[in-house]
């Protein structure tokens, strides 16, 4: 549910640090009918043009705090609220080249009443100006 | 419209119904409450983790605001839907003591909202519920196990809950049935979505007809495979396992334990009926049992249409309440 809203395509952009493009980021929403504490966001995965991003290169920012996937696993305070646009960053020197890219994003959410993680998946063609 | 039936059934909305609009920030929490009030559905059910950012750490100012809204719109809090995240930690489940901390938190929150009931997820065991009863009594908030498909009233898990509640003789442990247990037809909007995803129309139709005719899920799944069904076809057939079509008369029999009702629906049609769930049988069964609680709308159609169509939860809920009024008057 809410899969089609997971990637906020108009927010995709490259990010720079000290004049060098260090990666890209996009706004992301939770594919569930309520918010969750970050420890229950079991996994986030990103792929670009069919190529999977290493989990080590993914960062998640919500409420002005940034986490690696490993840090999210033991984060029991911060929450990803329902409908809240969090930021997913991908560390990737050079970022995305200008033009169109196929961006794919999946979320695995650990829900008490489900025997397996709830999976959300969105894929969109995004444009870097 | 009136706020309820002549026999005392009251109308309400679970704000879950407006999730699409809230998610997309088209309606705020206050606007959701206002929409319910507009159609005379004055009982407000809520999910803290859905529309109350920061839950469970809500400020006094939030609760003050909440009561301000209740007064302004003439609404009352009916039920808080507790979640009990037993899988908070990756490698272990919450202990019973940790569960009690969560119950305390949810029951206190409900009391602060002014709600008389919390909905407890059906996976919660009778043993945990028994431990939580003293907390519920302390706050004077009732705990209702959600009887949600594929569970149903006579399911052994629910019967164990009822036995435990009966044995304790408490007024604070009962049920919140979800009307999805009376699904006579699989939602056609869910069927159509499967077709959009790539399922085979002929097999989808076969499954719908077989479910409606009461065939056993295992046979339907087997047949869908035999027909050469792809993964989506088989998963649609497996949906039969998650759906139940039980007798609405059970509502009358279990009335002493019914604290609140989730008036689940998927699609209100132009003719004012619901495609899957027979409210024309449900309401007489509630009247026969002199149900005095809320019929709390739970619209769940958005997830099946949002990929292809605009969602208008407000209109869907309005139609459901027009149907309630018609059936109350019948």
I want to confirm something. Restricting to region B:152-167 and keeping residues that are part of a loop (DSSP other than H, G, I, E, B) and touching a residue at least 60 places away in the same chain (Cβ under 8 Å), which single residue is farthest from residue B:120 (Cα to Cα)? B:154
For region B:127-142, give me each residue that is away from chain A (no Cβ under 14 Å) and more than 20 Å from the chain's Cα centre (by Cα). B:127, B:130, B:131, B:132, B:133, B:134, B:135, B:136, B:137, B:138, B:139, B:140
Of (1) more than 10 Å from chain A (Cβ to nearest Cβ); (2) crowded, with 17+ Cβ neighbours inside 10 Å; (3) within 21 Å of the chain's Cα centre (by Cα); (4) assigned to a helix (DSSP H, G or I), residue B:44 satisfies every one except (4)
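To keep it simple, each residue is scored yes or no on (1) over 17 Å from the mean Cα position of the chain (by Cα); (2) in contact (Cβ under 8 Å) with a residue 60 or more places away in the chain; (3) assigned to a loop (DSSP other than H, G, I, E, B); (4) surrounded by fewer than 17 Cβ atoms within 10 Å (Cβ to Cβ).
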residue	(1), (2), (3), (4)
B:176	no, yes, no, no
B:186	no, yes, yes, no
B:189	yes, yes, no, no
B:195	yes, no, no, yes
B:206	yes, no, no, no
B:209	yes, no, no, yes
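Here are B:145, B:118: which of them is outside any loop (DSSP other than H, G, I, E, B), closer than 30 Å to residue B:241 by Cβ and within 14 Å of another protein chain (Cβ to nearest Cβ)?
Details: B:118 fails: within 14 Å of another protein chain (Cβ to nearest Cβ).
Within the list B:145, B:118, the selection yields B:145.
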Cβ pairs under 9 Å, 6+ apart or interchain, first in region B:36-49 and at positive phi, second surrounded by fewer than 24 Cβ atoms within 10 Å (Cβ to Cβ), ordered by first then second residue, are B:40/B:1; B:40/B:2; B:40/B:3; B:40/B:4; B:40/B:321; B:40/B:325
Out of region A:71-99, which residues are outside any loop (DSSP other than H, G, I, E, B) and either within 16 Å of the chain's Cα centre (by Cα) or at the interface with another protein chain (Cβ under 10 Å from one of its Cβ atoms) (or both)? A:71, A:72, A:73, A:79, A:80, A:86, A:87, A:88, A:89, A:90, A:91
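Quick grid of which residues meet (1) touching a residue at least 60 places away in the same chain (Cβ under 8 Å); (2) out of contact with any strand residue (DSSP E or B) (no Cβ under 8 Å at 6 or more places or on another chain); (3) in a loop (DSSP other than H, G, I, E, B):
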{"site": "B:223", "(1), (2), (3)": "no, yes, no"}
{"site": "B:233", "(1), (2), (3)": "no, yes, no"}
{"site": "B:239", "(1), (2), (3)": "no, yes, no"}
{"site": "B:252", "(1), (2), (3)": "no, yes, no"}
{"site": "B:281", "(1), (2), (3)": "yes, no, no"}
{"site": "B:287", "(1), (2), (3)": "yes, yes, no"}
{"site": "B:290", "(1), (2), (3)": "yes, yes, yes"}
{"site": "B:303", "(1), (2), (3)": "no, yes, no"}
Of all residues in region A:24-53 being touching a residue at least 40 places away in the same chain (Cβ under 8 Å) and farther than 26 Å from residue A:77 by Cβ, the one that is surrounded by the most Cβ atoms within 10 Å (Cβ to Cβ): A:24
Quick check on region B:59-69. Is at least one of its residues assigned to a helix (DSSP H, G or I), touching a residue at least 40 places away in the same chain (Cβ under 8 Å), within 14 Å of chain A (Cβ to nearest Cβ) and touching a strand residue (DSSP E or B) at 6+ places or on another chain (Cβ under 9 Å)? no
Consider region A:51-70. How many of its residues are assigned to a helix (DSSP H, G or I) and within 13 Å of chain B (Cβ to nearest Cβ)? 2
In a loop (DSSP other than H, G, I, E, B), surrounded by fewer than 18 Cβ atoms within 10 Å (Cβ to Cβ) and touching a residue at least 12 places away in the same chain (Cβ under 8 Å) - does that describe any residue in region B:89-108? no
Unmet criterion (only one of (1) outside any helix (DSSP H, G or I); (2) under 14 Å from residue B:30 (Cβ atoms); (3) more than 14 Å from chain A (Cβ to nearest Cβ)) for residue B:53: (3)
Please state which of the following conditions residue A:42 fails to meet, knowing it meets all the rest: (1) assigned to a strand (DSSP E or B); (2) out of contact with any strand residue (DSSP E or B) (no Cβ under 7 Å at 6 or more places or on another chain); (3) within 11 Å of another protein chain (Cβ to nearest Cβ). (2)
Does region A:61-78 include one or more residues that are under 25 Å from residue A:98 (Cβ atoms) and touching a strand residue (DSSP E or B) at 6+ places or on another chain (Cβ under 9 Å)? yes
Residue check for residue B:311: within 14 Å of another protein chain (Cβ to nearest Cβ) and over 25 Å from residue B:253 (Cα atoms): yes
Taking the options B:266, B:294, B:299, B:275, name whichever one is surrounded by fewer than 23 Cβ atoms within 10 Å (Cβ to Cβ), modelled with pLDDT of 95 or more and touching a strand residue (DSSP E or B) at 6+ places or on another chain (Cβ under 9 Å). B:275
Of all the residues that make up region A:108-129, how many are out of contact with any strand residue (DSSP E or B) (no Cβ under 8 Å at 6 or more places or on another chain) and either surrounded by 14 or more Cβ atoms within 10 Å (Cβ to Cβ) or within 16 Å of residue A:37 (Cα to Cα) (or both)? 2
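The values are calculated or read from the model by the stated rules, or taken from the named source; none is laboratory data. Not measured: the values here are computed from a predicted model. Positions of Cβ are backbone-derived with ideal geometry, glycine not excepted, and every protein chain shown enters the neighbour counts.
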